[in-house]
Every structure is written in structure tokens, then in C-alpha cells.
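The values are calculated or read from the model by the stated rules, or taken from the named source; none is laboratory data. Values in this document were obtained by computation on a predicted structure and should not be read as measured data. Cβ coordinates were reconstructed from backbone atoms using ideal geometry, including for glycine residues, and neighbour counts include every protein chain displayed.
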Amino acid sequence: MKKFRAEKAYMMAEIIYTIGFTLTSTVSTIFLLSKPGMDYTKVGIVFGFFLASMAICDFPTGNLADLFGRKTIYAIGMILLSIQQLLYGIGNSFLVLIFAAIIGGVATAQLSGSFSAWLFDELKKKDKTEELSTVLGKTRTLTSVMAMIIAVLLGTLYVGSMQLLYFMSFAIYFLLGLGIFIFLPENYGARKRGIAISVDTLSYYIKNPALIRVSFFIIIIFSCYSVFTFYWQPISLQLGIASANLGYMYCFYLAATALAGLLVVKFAKKFSDETLFVICFVALGFSFLSVYLYTHIVTLCFSMVLFGIGFGSFMPIYSRHLHGMIPSEIRSSVISLLSTIASIGAVISEILIGKLIDIYNVKVSLLIGIILIASTAIIFAIFGFRTNIERK
């Protein structure tokens, strides 16, 4: 019997998830705008409900992952995510889209931290936890390459409706969740009552100021991604790019995230996490500034590359930074708590950005991104860069 390898299972699952995600992410904003009665403010509200429901459910479901199994909770989340895609596809009213967003937020809360915590503990069983950043970096590269392939195929071969893309995404997520539940082994955190885990998690967070600084980083990253989702598709259309060709534009971002995965593998052991965080934020700042100062197809492509490098590098570094410092018994819970905190900040930014775009224009989202990065630079200048926590 062939020996089970958690790394390969994790990579394969993430690649399949990426296929479903890429099918709809290239058209998500303009697809919602195409629904009857929708505008940027309402799109921002839909995204806000998604993030709000994720924020409300993230911490409790992190506890559930530790209690009832990381694999099980992740599989349930994936099936709920498939339902969200189905409702987005068939929904034609604002309320249905909000309901779909809420289900998607609950689903994403189930996914947050559970699968990477599952991977870490599977590696821990084999004394291979030092390979986590390498696995995450390779996964980032492979998923980015797969997303590029899907985006190119959509641009060259796909002639169907945007609605059909959501139906295909529904089928992929549903089958992936089912497969994970059936075929992967289970692991757990602390088998305590939920309230006990919650108290332990909150106590651990409050007693570690460095974790609070890291949570500030992830709030900024979530908000910057909100900026990205609002500006790149509408500006592409303004520059004369047909909606059928948005997949080609998305490839610039995907190629950059693939490169980011390789860079993380190469430099993760050569530079401190603090240095790598700074590089990520600098890339994000220049990605917004370039398009804001001069809106052109060249600067838009340049912006998407820089954003892909910054965002694509941050997430594997962030995961490594956290997993090695959080006790196994509350790992999913702490990660979910951080996601909850970040989501609360992102809810505000989603609604604010949508409203300001309706009042002014889409470029105001870039200005918000610039302000976020500038605020981060000020915080760094005042409090310094140190984020390390003593490893447990």
C-alpha cells in the first residue's frame, strides 16, 4: 500500500479549489454588477455581509475544528461554499445575493485555519514541521500556475455565460468537500469543551502583544485585497479590455503569485519574517500608486504584478509565522480568532470603498489602498518591526 503523504494531498486539494475559485474570481465584481438593481454600493454591502458572517463565525468554527476534527470542518465548509456559488448563479435579487454571501462567509470561516492546521499536525507526526513554509510556497506556485491555465482557457475557448461559471464552481467545490471528507485522515486539537478553548485562545492572544501586531498586518492585507477586487476589473473595462479577455489580465496577477511562491521558498530561511513583511507591503503600496498616478494598460499590468508579488508572498510567510509559535491544541482557534479580527476591519473597508466609488469613481479605491499602506509605514516607524513570539 502506497504511503500517505499529507503534503501531496494538501497541494492537490488546493489546486482543485483554485480551479473553482478562478472560474468566478475573474468576473465576480462585474457579474454582481450585472444583476438587476445592483451598483457598487450594493456590491460592497454583499461583500460586507460575506466578511461579517465570516468574522462572526470564524472564531467559533476554529474551536470546532480543534474539537471535532480539522478535516471534517474543512469539508463541511467546502460544501457550504459550493452552495454559495449556486445561489450567486441563480440569484437575481439583492436579498438572495446577501443570503448567498452569508453562507459563503460561514463556509470560509470553516476553511480558515483548519486545513493548514491539519497539514501542520500531519507534518508534525513525521517530525517535518520545518518543511511547512516550503510546502506552502510550492502550493502557492502550483495553484497560481493552475489559475493561469484556467484564466487563459477561459479567455481563448470559453463562450458560455458568466452564470455557467458559477455552476461549474459549485460542482467543483461540492465534489472536493466530499472527497476530502472520505479520503483524508483526521487530526484534532484540544478535546476540551468549546468555552474552555475560547478562554484559552483569548488569554493566549491577549498575553502576546506580538500577535496583536500580526493581527494588524492581516487587517491591512484583507483590506488591500478588497481594494484590488474593486479596481482591477472596472479599470480594465474602462481601458477597452473586453470582459471575455479579463482572464488574460488576471494572468499577470497569477504569474506574480506563482513567482511569489518561488521567492518564499528561496528566501524564507535567509531573511527574517519582519523583513519579508516589509517587502510585501512596499510591493502593495507601489501597486496602488502606479495606477493611481497614471491609468494606462501598462501601469495596470505592472500594478497587478506588484500586487501579486506582495499578496502572494505575504500569505505563506504569515502562515509559517503563526503555525510555529502557536500551541497545537489551540492552533486552529487562534488562527480563526485572527481571521475574525481581520474580517471585521475588511467589512468596514468593503462597504466604505463601494460607497465612495459610487460617489466619486473607481480610482478612489486606489487612494484608500495608498492610505492603508502609508498608515502601516507610520505604525512601523513608531513601534518598530518586531513581531517574533517565543516559539513554544
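Within region 200-230, track down each residue that is in contact with a Leu (Cβ under 6 Å, 6 or more places away or on another chain) and either closer than 20 Å to Lys355 by Cα or buried (at least 22 other Cβ atoms within 10 Å of the Cβ) (or both).
Thr201, Ile220, Ser223, Cys224
Looking at this structure, is Tyr158 modelled with pLDDT of 95 or more, of a type in the set (Phe, Trp, Tyr) and either outside any helix (DSSP H, G or I) or within 20 Å of Leu111 (Cβ to Cβ) (or both)?
Details: modelled with pLDDT of 95 or more: no; of a type in the set (Phe, Trp, Tyr): yes; either outside any helix (DSSP H, G or I) or within 20 Å of Leu111 (Cβ to Cβ) (or both): yes.
For Tyr158, the condition - modelled with pLDDT of 95 or more, of a type in the set (Phe, Trp, Tyr) and either outside any helix (DSSP H, G or I) or within 20 Å of Leu111 (Cβ to Cβ) (or both) - is not met.
Phe4 is checked against (1) of a type in the set (A, V, I, L, M, F, W, C); (2) at pLDDT below 90; (3) crowded, with 18+ Cβ neighbours inside 10 Å and fails just one. What number does that condition carry?
Evaluating Phe4 over (1) of a type in the set (A, V, I, L, M, F, W, C); (2) at pLDDT below 90; (3) crowded, with 18+ Cβ neighbours inside 10 Å leaves (3) as the failure.
Report yes if Gly37 is at positive phi, touching a residue at least 12 places away in the same chain (Cβ under 8 Å) and out of contact with any helix residue (DSSP H, G or I) (no Cβ under 7 Å at 6 or more places or on another chain), otherwise no.
Details: at positive phi: yes; touching a residue at least 12 places away in the same chain (Cβ under 8 Å): yes; out of contact with any helix residue (DSSP H, G or I) (no Cβ under 7 Å at 6 or more places or on another chain): no.
Judged against the criteria, Gly37 is not a match.
Criterion first (over 16 Å from Phe228 (Cα atoms), within 18 Å of the chain's Cα centre (by Cα), of a type outside the set (Val, Ile, Thr) and at pLDDT 80 or above) does Phe277 satisfy it? Talk me through it step by step, then tell me what you get.
Numbers: over 16 Å from Phe228 (Cα atoms): yes; within 18 Å of the chain's Cα centre (by Cα): yes; of a type outside the set (Val, Ile, Thr): yes; at pLDDT 80 or above: yes.
The answer is yes for Phe277.
Residue check: is Leu87 out of contact with any Gly (no Cβ under 8 Å at 6 or more places or on another chain), within 22 Å of Gly37 (Cβ to Cβ), part of a helix (DSSP H, G or I) and not basic (Lys, Arg)? Please lay out each step first, then the result.
Details: out of contact with any Gly (no Cβ under 8 Å at 6 or more places or on another chain): yes; within 22 Å of Gly37 (Cβ to Cβ): yes; part of a helix (DSSP H, G or I): yes; not basic (Lys, Arg): yes.
Yes: the conditions hold for Leu87.
Working carefully through the options Gly77, Gly69, find the one that is buried (at least 19 other Cβ atoms within 10 Å of the Cβ), on the phi > 0 side of the Ramachandran plot and not polar (S, T, N, Q). Please lay out each step first, then the result.
Numbers: Gly77 fails: on the phi > 0 side of the Ramachandran plot.
On inspection, the qualifying residue turns out to be Gly69.
Tell me yes or no: at least one residue of region 28-35 is of a type in the set (D, E, K, R) and part of a helix (DSSP H, G or I). If you could, list the steps in order and put the result at the bottom.
First, pick out the residues of region 28-35 that are of a type in the set (D, E, K, R): 35.
Checking the rest, the ones that are also part of a helix (DSSP H, G or I) come to none.
So far as region 28-35 goes, no, none of its residues is of a type in the set (D, E, K, R) and part of a helix (DSSP H, G or I).
Here are some residues: Phe277, Phe314, Phe281, Phe267. Which one is touching a helix residue (DSSP H, G or I) at 6+ places or on another chain (Cβ under 8 Å) and without any contact (Cβ under 8 Å) to a residue 40 or more places away in the chain?
Details: Phe277 fails: without any contact (Cβ under 8 Å) to a residue 40 or more places away in the chain; Phe314 fails: without any contact (Cβ under 8 Å) to a residue 40 or more places away in the chain; Phe281 fails: without any contact (Cβ under 8 Å) to a residue 40 or more places away in the chain.
From the options Phe277, Phe314, Phe281, Phe267, the qualifying one is Phe267.
Is there a residue in region 131-142 that is modelled with pLDDT under 90, farther than 27 Å from Cys251 by Cβ and either assigned to a helix (DSSP H, G or I) or among the polar types (S, T, N, Q) (or both)?
Yes, because at least one residue in region 131-142 is modelled with pLDDT under 90, farther than 27 Å from Cys251 by Cβ and either assigned to a helix (DSSP H, G or I) or among the polar types (S, T, N, Q) (or both).
When you check Leu136 against the structure, is it of a type outside the set (D, E, K, R), over 19 Å from Gln163 (Cα atoms) and out of contact with any His (no Cβ under 6 Å at 6 or more places or on another chain), yes or no? Steps first, please.
Working: of a type outside the set (D, E, K, R): yes; over 19 Å from Gln163 (Cα atoms): yes; out of contact with any His (no Cβ under 6 Å at 6 or more places or on another chain): yes.
So Leu136 passes the test.
Here is a check on your reading of the model: is Ala283 more than 27 Å from Ile371 (Cβ to Cβ), within 19 Å of the chain's Cα centre (by Cα) and of a type in the set (Gly, Ala, Ser)? Walk me through it before giving the result.
Numbers: more than 27 Å from Ile371 (Cβ to Cβ): no; within 19 Å of the chain's Cα centre (by Cα): yes; of a type in the set (Gly, Ala, Ser): yes.
When the stated conditions are applied, Ala283 does not pass them.
Hey, could you check region 231-273 for residues that are among the hydrophobic types (A, V, I, L, M, F, W, C) and closer than 24 Å to Val347 by Cα and say which is surrounded by the most Cβ atoms within 10 Å (Cβ to Cβ)? Outline the logic, then answer.
At the first step, the residues of region 231-273 found to be among the hydrophobic types (A, V, I, L, M, F, W, C) are 232, 235, 237, 239, 241-242, 244, 246, 249, 251-252, 254-256, 258-260, 262-265, 267-268, 271.
Add one more test, that the residue is closer than 24 Å to Val347 by Cα, and what stays is 232, 235.
Details: Trp232: 25, Ile235: 23.
Taking the candidates together, the pick is Trp232.
Here is a list of conditions, (1) modelled with pLDDT of 85 or more; (2) of a type outside the set (A, V, I, L, M, F, W, C); (3) in contact with a helix residue (DSSP H, G or I) (Cβ under 9 Å, 6 or more places away or on another chain), and Asp66 meets all of them except one; can you say which number that is?
(1)
Does Phe314 satisfy being of a type outside the set (D, E, K, R) and farther than 30 Å from Phe120 by Cα?
Values: of a type outside the set (D, E, K, R): yes; farther than 30 Å from Phe120 by Cα: no.
Answer is no for this residue.
Among the residues of region 284-300, which ones are surrounded by fewer than 20 Cβ atoms within 10 Å (Cβ to Cβ) and in contact (Cβ under 8 Å) with a residue 24 or more places away in the chain?
Once the filter is applied, which keeps residues that are surrounded by fewer than 20 Cβ atoms within 10 Å (Cβ to Cβ) and in contact (Cβ under 8 Å) with a residue 24 or more places away in the chain, region 284-300 yields Leu289, Tyr292, Thr295, His296, Ile297.
What residue, of Ser336, Ser287, is at pLDDT below 80 and part of a helix (DSSP H, G or I)?
On the way: Ser287 fails: at pLDDT below 80.
Matching residue, one of Ser336, Ser287: Ser336.
So in region 216-245, with the set limited to residues that are outside any loop (DSSP other than H, G, I, E, B) and β-branched (Val, Ile, Thr), which one is nearest to Ser25 (Cα to Cα)?
At the first step, the residues of region 216-245 found to be outside any loop (DSSP other than H, G, I, E, B) are 216-238, 243-245.
From what's left, β-branched (Val, Ile, Thr): 218-221, 227, 229, 235.
Working: Ile218: 21, Ile219: 21, Ile220: 21, Ile221: 18, Val227: 14, Thr229: 9, Ile235: 16 Å.
Taking the candidates together, the pick is Thr229.
Out of curiosity, is Gly179 out of contact with any helix residue (DSSP H, G or I) (no Cβ under 6 Å at 6 or more places or on another chain) and small (Gly, Ala, Ser)? It would help to see each step written out before you state the result.
Values: out of contact with any helix residue (DSSP H, G or I) (no Cβ under 6 Å at 6 or more places or on another chain): yes; small (Gly, Ala, Ser): yes.
The answer is yes for Gly179.
State whether one or more residues within region 216-230 are at pLDDT below 80 and polar (S, T, N, Q).
Checking region 216-230: not a single residue is at pLDDT below 80 and polar (S, T, N, Q).
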